1. Take residue 122 and residue 10, extend 7 Å from each Cα along the Cα→Cβ direction, and tell me the distance between the two endpoints in nm.
2. If each residue of separation counts as 0.36 nm, what is the full-extension length gain between residue 21 and residue 376 once their alpha-carbon separation is subtracted?
3. Given the peptides 371-382, 231-242, 112-123, arrange them by the average over their residues of other C-beta atoms within 10 Å, most packed first.
4. Given the Cα-Cα distance of residue 235 and residue 321 and 0.36 nm per residue of separation, how much length would full extension add, in nm?
5. Once you wrap a convex hull around the alpha carbon atoms of segment 156-306, what is its projected area averaged over all directions, in nm²?
6. Contact order normalised by length for the chain, with contacts defined as Cα pairs under 8 Å and 6 or more residues apart; what percent is it?
7. For a Förster distance of 45 Å, can you work out the FRET efficiency between the beta-carbons of residue 48 and residue 252, rounded to the nearest 0.05?
8. Could you give me the ³J(HN,Hα) list for segment 68-76, computed from phi with Karplus coefficients 6.51, -1.76, 1.60 and θ = phi - 60°, whole Hz, x at Gly and Pro?
Amino acid sequence: MINATTEFIVGLFLLVAAGVLVGELFTHLGQAPLVGQLLVGVVLGPTLLGPALGITSVTVTPEFSGLETLATFFVLLMAGLSISPKELRQTGAPAALLGIAIFFVPFLAGAGVVHLLYPGFSTTLDLFVALTVSITALPVLAIMLRELELLDTPFGVLLMNASVVNELCAVSVFAVLLRIGTGGVSSVLTASATAIGTVLLFLGTMLGVYFLLRWIASRPAWTRFVRGFRATWNSREAGFALLMIAGLAAALYSQYLGLTYVVGAFYAGLVVTPEISGKRVHKQITTIFEAVSWGFFIPLFFVLVGYGTNFRTLATSPVAIGAFVALIGYAVVSKFVVGSGVGLSLGRSSEESFSIGFLVVSRGAVELAMAVTLLDAGVFSVGTFTIVAGVGLITTIVAPIGARPMVRAMQASAHRAKRESDDLSEWAGQLPLPPPAGAETSDRPELPQSPR
């Protein structure tokens with residue numbers, strides 16, 4: 001008879017080890033690690049092997065519930081840290097237009113689609129489901145662009161900036177909807193005004209803290225203070241500790257305002273920038289944070305998300321299965337059409353536009369963190385949570401499969417255009433140069449006479 005502690009360690013070992021190893025395996029198959037990690041959770045959970053293995057209750061234990069909350073905090077803080085306010089200010093109109101379009105069009109149209117597919121859902125639930133299937137995953141997009149050797153190209157920068165705008169819109173709208181849904185106010189107008197006011201208060205506070213810290217960091221006295229602080233601080237990894245304090249403080253503030261801790265964790269990441277902490281310190285902090293996040297919390301988070309799903313709840317009838325398949329189809333087509341359409345309207349070639357359309361289809365960490373929060377808050381049932389996680393899983397599989405041939409066609413077209421340009425330049429270099437000014441006309445080659 002094993003005790004509860006041993007059972008917890010065995011479950012944790014099984015989930016993390018399987019998540020890390022299978023996630024790595026899927027990277028060699030051209031997929032993001034989260035695909036393998038989600039599938040590990042699905043296989044080990046109530047959908048498949050969970051009942052046979054006797055671990056069906058792992059995610060409802062206090063230990064795993066606390067770990068899932070902490071992992072969600074790390075995921076959102078990581079998403080915020082990946083966004084630089086300086087780069088955001090330099091985002092051009094094309095990236096901003098693309099980022100806004102690929103969120104708001106699928107979101108607003110998706111609310112109607114969800115209502116048609118699931119008539120039993122409330123309006124709030126329609127909006128939440130539409131929101132979670134309308135976000136483009138910034139980390140997954142970065143992984144795909146890196147594998148396709150596009151991350152540091154102008155095309156890759158456009159997509160990354162668009163994804164940043166997409167996530168900022170999504171998190172802000174999520175905060176408003178969550179405040180409306182949990183505000184307890186009978187009037188929709190009053191609830192909306194209260195929610196928007198609360199979000200503006202939070203964003204104003206975070207923006208004020210950011211500019212205050214930037215101003216302090218620009219003072220010479222701050223440099224002297226930092227040097228003295230480093231000299232007297234005896235504990236190790238002070239920067240990482242201060243990052244955790246800042247993230248938890250912002251999470252606590254957003255939780256107090258009724259916006260949930262994930263909103264605070266996300267925006268806390270935006271406040272901690274190289275301009276404020278210094279480039280060297282910021283690099284040290286993010287290196288440690290990414291090692292802890294990617295090495296432990298992120299694999300655990302996605303495995304727990306997959307574990308929390310139960311696809312048996314979707315197989316209750318052909319109608320339920322059909323609605324799920326239709327929602328997946330909408331999630332893919334809406335992003336592809338909007339992304340490709342914006343690309344074409346910006347004067348991009350068809351190959352580039354279709355590449356944009358497929359690359360923005362992928363989902364990832366932020367919307368799944370929202371889904372976990374809504375499940376914990378009682379807004380999502382296990383069935384609704386499974387729908388959102390399932391859409392995220394399948395669209396993330398579809399995205400690189402569809403994008404790879406489009407990107408190859410785009411790269412082949414660019415290579416062909418470059419080769420033609422080089423051939424033209426070489427041909428032009430072989431033409432006789434015009435004579436210098438004042439040269440005798442007799443030195444010029446005689447032109448052939450035109451036939452009469």
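1. 4.1
2. Gain on extension, residue 21 to residue 376, equals 125.0 nm.
3. 371-382, 112-123, 231-242
4. Fully extending the segment from residue 235 to residue 321 adds 25.4 nm.
5. Mean shadow area of the hull around the Cα atoms is 11.7 nm².
6. Computed value for the chain: 25 percent relative contact order.
7. Computed FRET efficiency for residue 48 and residue 252 comes out at 0.75.
8. For segment 68-76, the Karplus curve yields 5, 4, 5, 5, 4, 4, 5, 4, 6 Hz.
Where a number appears in this text, it was derived from the coordinates with a stated rule and is not lab data. The structure displayed is predicted, hence computed values, not measured ones. Glycine gets a Cβ as well: all are built from the backbone with ideal geometry, and neighbour counts include every protein chain shown.
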